[in-house]
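Trainee: Please find one structure pasted underneath; my questions will follow.
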Amino acid sequence: MGVRIRPLAAAVAMLFAGVVPAGAETQQLDDVVVSADRIRPMPEASPVAPSRQQQLRAASSDTASLLRDEPGVSLYGTGGVSSLPAINGLADDRLRVKVDGMDLIASCPNHMNPALSYVDPSNVGKLTVYAGITPVSVGGDSIGGTIVAETRAPQFAAPGQGTITNGEIGTFYRSNNDARGANLSATLATENFSLWYNGAYSKADNYTAGRNFKDYTATGRAGRTLSRDEVGSTGYETTNHVLGFALRGEKNLFEVSLGFQNMAEQNFPNQRMDLLDNQQKRFNLRWLGQFDWGQLEARAYREKVDHLMDFGRDKRYWYGMDSGGPGALNPTPCWPLGPNCAAGMPMRTKSDTTGASLKADITLGQNDLLRVGAEAQRYELDDWWPPSGGGMWPGTFANIHNGERDRNALFAEWERVYSPQWMTLLGIRYEHVRMDAGKVQGYNPAGAGNQGRDADAFNARDRSRRDDNWDLAALARYTVSANQDIEIGIARKVRSPGLYETYPWSTWQMAALMNNFVGDGNGYVGNPDLKPEKAYTLSATFDWHATDRRWEFKAMPFYTHIADYIDAIQWDGTTNSPRSVPLRDQFTVLRYTNQSARLYGLNLAGQMPLASTDFGALGLKGVLNYTHGKNRDTGNGLYNIMPLNAKLTLTQKFGGWDNALEIIGVAAKNRTSDPRNEMKTSGYGLVNLRGSYSWQRLRLDFGIENLFDRYYEMPLGGAYLGQGTTMSASLNNVPNGLVPLWGTPVPGMGRSLYAGVNLKF
């Protein structure tokens with residue numbers, strides 16, 4: 001299966017032909033940077049400081065959590081290594097997340113394997129957030145911001161140094177959930193050649209909350225119970241490997257990397273299923289060269305994912321009358337599989353992603369830089385559920401069959417410096433998105449939930465679609481003085497729906513419950529008639545700072561209007577139409593639909609030195625985020641909007657010491673999404689202590705999170721489904737306390753002590 005990029009390649013050739021001088025000579029490549037970066041780029045992205053990355057990676061195995069201090073960023077609670085970042089209220093597929101230049105897609109109906117879950121925190125070299133107006137050169141097929149993650153860059157020996165070898169080995173432990181792991185990196189390099197390996201392993205058990213939050217202990221597994229403060233289905237085990245080599249010459253850099261993930265387990269407290277195996281294999285090829293006119297970069301990549309879900313150890317596995325019936329506290333294994341005996345509910349997903357890009361940064365003059373490029377991606381997905389007995393019998397359920405989502409894109413971006421005070425950026429991007437899916441079937445056409453009716457209706461319709469999307473971005477920066485900058489921008493951004501928003505076809509409650517990537521406990525039905533989301537954003541940054549940035553304060557207001565926002569309405573599987581009377585205070589089934597939405601808010605961030613004392617340099621850092629989201633058609637709040645929140649950090653640096661006291665405050669979440677019956681959460685405050693000491697080659701990190709063991713409910717954690725009979729057809733009846741009941745948000749982790757050590761050699 002090849003990538004259909006011949007027309008795109010021709011367009012790229014014509015595009016570059018007009019801007020690259022004929023017979024251009026190359027120049028020596030020194031640091032592999034854009035020669036036009038003599039000026040501060042626009043917009044100014046927000047990189048996570050390397051020191052902060054080192055400090056946080058001992059506290060979490062979730063790479064997305066490294067973004068927790070960035071203005072405008074919040075995290076959807078999911079599995080232990082797969083949280084989904086949100087930027088100014090927009091999350092998941094609405095963001096563009098790039099890993100080493102690759103656009104990776106979550107291949108799971110619950111989005112258990114997002115892009116950042118394939119990178120261990122120990123292997124992150126650079127992590128950058130574009131939270132305001134995203135340039136078209138790093139945006140595309142998204143309406144929120146962009147997150148760019150880069151693994152460690154290849155190392156080379158200095159001229160005359162000969163062959164070098166170095167590496168790093170580390171380990172960590174966290175007390176609350178008995179989390180432990182290790183990482184290893186090693187490099188063999190000469191002046192022109194580099195070979196490296198990065199590997200990491202992490203494992204954790206369930207964590208406990210600050211107090212009891214439920215009145216039952218049963219899990220639906222014979223002999224297994226959970227204490228009332230234990231948050232079920234929060235354990236995980238994952239291994240990541242990356243092997244790469246690079247060649248560097250005077251003019252070029254050539255890089256190849258191979259990645260492999262074997263995630264043996266990742267359980268989810270807000271999903272009815274768990275990840276029981278996820279294998280990813282990826283290949284990434286990159287060439288970078290500098291010329292006297294600028295820089296040219298080409299990339300090609302391939303990713304294959306094999307993903308398995310079923311019920312983990314904290315959720316009921318055996319179903320049917322032969323297992324003891326729906327009210328059994330300790331269901332028993334049964335045989336043979338059939339209408340009265342079901343062994344779990346296996347769900348399989350396989351995907352194949354192939355992509356390529358070509359980008360050029362062209363210096364047009366002393367004050368002008370032109371960025372042009374082209375991208376192509378082919379994505380193929382199959383999502384099927386083998387028969388396991390009970391209602392999942394006798395055939396295979398095809399959730400998405402032969403799904404395809406292909407993208408071709410072209411962009412051009414002009415950066416202009418008019419004077420030492422004024423600078424502008426203008427960009428345009430075109431994306432062609434093609435989607436399709438094959439015919440489907442249920443477990444049993446005559447079975448429950450109108451499987452035959454829904455499959456026939458889906459198969460009879462035209463399932464292919466073509467979208468032509470245009471992005472526009474315009475920014476301007478005015479330097480008021482050496483201590484003040486103002487940046488303002490406006491953008492139009494467009495995103496086509498994903499496969500899991502478009503093609504899940506069954507209105508059967510049980511099948512719909514398996515399609516949920518927001519963790520609210522509801523079921524979702526796709527909609528092939530969805531229109532692309534079109535976002536119009538106005539954003540500004542007011543930046544006051546010292547000339548050396550020792551102190552700074554930023555205010556970042558934003559406003560976004562989204563036409564054809566993909567929200568959801570409650571759906572009646574019997575009539576295959578919207579519910580005439582909404583269901584309240586319970587789990588339900590919804591169907592994706594286009595509506596209108598509005599988001600606005602303000603992010604504040606700053607830092608300042610406090611004093612230089614005999615105990616070291618003291619400093620203060622702070623961030624405050626506020627986002628308001630509204631569905632303009634219904635007047636309801638948008639789902640999973642983080643309430644007002646702030647963090648204040650007192651820092652101390654003395655010799656090799658780098659310590660911090662963090663105070664976190666989060667307001668109550670009272671504005672929610674009514675169709676989803678989203679739960680409200682109370683406000684809370686937390687205190688964290690962090691410390692580290694660095695020698696020349698050794699670094700020790702330690703700390704206490706949630707120092708006072710406070711109980712709190714995560715505003716973006718979703719509904720608690722971590723244990724029991726999570727696939728019950730009677731969602732709101734609780735036989736013997738086995739069925740998770742609507743109304744319990746997922747609680748956060750209680751007090752946890754952690755320590756990590758890393759040795760460079």
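Trainee: Of the residues Asp529, Asp567, which is of a type in the set (Asp, Glu), in contact with a Leu (Cβ under 9 Å, 6 or more places away or on another chain) and closer than 30 Å to Asn408 by Cβ?
Mentor: Asp567
Trainee: Please find, within the stretch 463-495, the residue that is least open to solvent (accessible area, probe 1.4 Å) out of those that are over 30 Å from Pro394 (Cβ atoms) and in a loop (DSSP other than H, G, I, E, B).
Mentor: Ser464
Trainee: Could you list, in sequence order, the residues of the stretch 362-376 that are open to solvent by 10 Å² or more (accessible area, probe 1.4 Å) and out of contact with any Asp or Glu (no Cβ under 6 Å at 6 or more places or on another chain)?
Mentor: Selection gives Thr363, Leu364, Gly365, Gln366, Asn367, Asp368, Leu370, Glu375.
Residue-wise test of (1) without any contact (Cβ under 8 Å) to a residue 60 or more places away in the chain; (2) hydrophobic (A, V, I, L, M, F, W, C); (3) open to solvent by less than 10 Å² (accessible area, probe 1.4 Å).
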| residue | (1), (2), (3) |
| --- | --- |
| Gly294 | no, no, yes |
| Arg302 | yes, no, no |
| Val305 | no, yes, yes |
| Thr349 | no, no, yes |
| Ala356 | no, yes, no |
| Ala360 | no, yes, yes |
| Trp384 | yes, yes, no |
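Trainee: Further, regarding this structure: Only residues that are touching a residue at least 24 places away in the same chain (Cβ under 8 Å) and either open to solvent by 20 Å² or more (accessible area, probe 1.4 Å) or not in a strand (DSSP E or B) (or both): list them for the stretch 167-182, please.
Mentor: Answer for the stretch 167-182, where residues must be touching a residue at least 24 places away in the same chain (Cβ under 8 Å) and either open to solvent by 20 Å² or more (accessible area, probe 1.4 Å) or not in a strand (DSSP E or B) (or both): Ile169, Thr171, Phe172, Tyr173, Ser175, Asn176, Asn177, Asp178, Arg180.
Trainee: For the stretch 396-403, check the following and say yes or no: at least one residue is in a strand (DSSP E or B), closer than 30 Å to Trp287 by Cβ and open to solvent by 20 Å² or more (accessible area, probe 1.4 Å).
Mentor: No, because not a single residue in the stretch 396-403 is in a strand (DSSP E or B), closer than 30 Å to Trp287 by Cβ and open to solvent by 20 Å² or more (accessible area, probe 1.4 Å).
Trainee: Next question. Out of the residues in the stretch 307-317 meeting the condition of being part of a loop (DSSP other than H, G, I, E, B) and not charged (D, E, K, R), tell me which one is surrounded by the fewest Cβ atoms within 10 Å (Cβ to Cβ).
Mentor: Here the residue is Tyr317.
Trainee: Among the residues of the stretch 230-287 satisfying the criterion of being under 20 Å from Leu188 (Cα atoms) and small (Gly, Ala, Ser), which is surrounded by the fewest Cβ atoms within 10 Å (Cβ to Cβ)?
Mentor: That would be Gly249.
Trainee: Is the stretch 129-141 home to any residue that is open to solvent by 10 Å² or more (accessible area, probe 1.4 Å), among the small types (Gly, Ala, Ser), at pLDDT 95 or above and not in a strand (DSSP E or B)?
Mentor: Yes: the stretch 129-141 contains one or more residues that are open to solvent by 10 Å² or more (accessible area, probe 1.4 Å), among the small types (Gly, Ala, Ser), at pLDDT 95 or above and not in a strand (DSSP E or B).
Trainee: Follow-up. Considering only the stretch 502-537, how many residues are closer than 22 Å to Ser142 by Cα, open to solvent by 10 Å² or more (accessible area, probe 1.4 Å) and in a helix (DSSP H, G or I)?
Mentor: Result for the stretch 502-537: 0.
Trainee: Then there is this: Can you name every residue in the stretch 624-663 that is part of a strand (DSSP E or B) and open to solvent by less than 20 Å² (accessible area, probe 1.4 Å)?
Mentor: The answer is Asn625, Gly629, Asn631, Gly637, Thr649, Ala660, Glu662.
Trainee: Only one of (1) touching an Asp or Glu at 6+ places or on another chain (Cβ under 6 Å); (2) open to solvent by 10 Å² or more (accessible area, probe 1.4 Å); (3) within 19 Å of Thr234 (Cβ to Cβ) fails for Met679. Which number is that?
Mentor: Only one criterion in (1) touching an Asp or Glu at 6+ places or on another chain (Cβ under 6 Å); (2) open to solvent by 10 Å² or more (accessible area, probe 1.4 Å); (3) within 19 Å of Thr234 (Cβ to Cβ) is unmet by Met679, namely (1).
Trainee: Do you know which of the residues in the stretch 592-616 that are open to solvent by 50 Å² or more (accessible area, probe 1.4 Å) and either in contact with a helix residue (DSSP H, G or I) (Cβ under 7 Å, 6 or more places away or on another chain) or modelled with pLDDT of 95 or more (or both) is nearest to Leu513 (Cα to Cα)?
Mentor: By that ranking, first place goes to Arg598.
Trainee: Which numbered condition trips up Gly320, out of (1) under 32 Å from the mean Cα position of the chain (by Cα); (2) open to solvent by less than 50 Å² (accessible area, probe 1.4 Å); (3) in contact (Cβ under 8 Å) with a residue 60 or more places away in the chain?
Mentor: With (1) under 32 Å from the mean Cα position of the chain (by Cα); (2) open to solvent by less than 50 Å² (accessible area, probe 1.4 Å); (3) in contact (Cβ under 8 Å) with a residue 60 or more places away in the chain applied to Gly320, the lone miss is (1).
Trainee: Filtering the stretch 432-452 down to residues that are free of Cβ contacts under 8 Å to residues at least 40 places away in the same chain and not in a loop (DSSP other than H, G, I, E, B), which residue is farthest from Gln377 (Cα to Cα)?
Mentor: Looking at residues that are free of Cβ contacts under 8 Å to residues at least 40 places away in the same chain and not in a loop (DSSP other than H, G, I, E, B), I get Gly452.
Trainee: I would also like to ask the following. For Thr672, which of the numbered conditions (1) under 20 Å from Asn176 (Cβ atoms); (2) open to solvent by less than 40 Å² (accessible area, probe 1.4 Å); (3) free of Cβ contacts under 8 Å to residues at least 40 places away in the same chain; (4) touching a Gly at 6+ places or on another chain (Cβ under 8 Å) fails to hold?
Mentor: Among (1) under 20 Å from Asn176 (Cβ atoms); (2) open to solvent by less than 40 Å² (accessible area, probe 1.4 Å); (3) free of Cβ contacts under 8 Å to residues at least 40 places away in the same chain; (4) touching a Gly at 6+ places or on another chain (Cβ under 8 Å), Thr672 violates only (1).
Trainee: Condition test on Ser227, is it surrounded by fewer than 16 Cβ atoms within 10 Å (Cβ to Cβ) and within 25 Å of Arg710 (Cα to Cα)?
Mentor: yes
Trainee: Name every residue in the stretch 328-342 that is out of contact with any Gly (no Cβ under 6 Å at 6 or more places or on another chain) and either aliphatic (A, V, I, L, M) or open to solvent by less than 30 Å² (accessible area, probe 1.4 Å) (or both), in order of residue number.
Mentor: Scanning the stretch 328-342 gives Ala328, Leu329, Cys334.
The values are calculated or read from the model by the stated rules, or taken from the named source; none is laboratory data. All values reported here derive from a predicted model rather than from experimental measurement. Ideal geometry is used to build each Cβ from the backbone, glycine not excepted, and the neighbour counts take in all protein chains shown. Remember, those area values only see protein heavy atoms, side chains included, never the ligands or the DNA or RNA. Shrake-Rupley method; radii C 1.70, N 1.55, O 1.52, S 1.80 Å.
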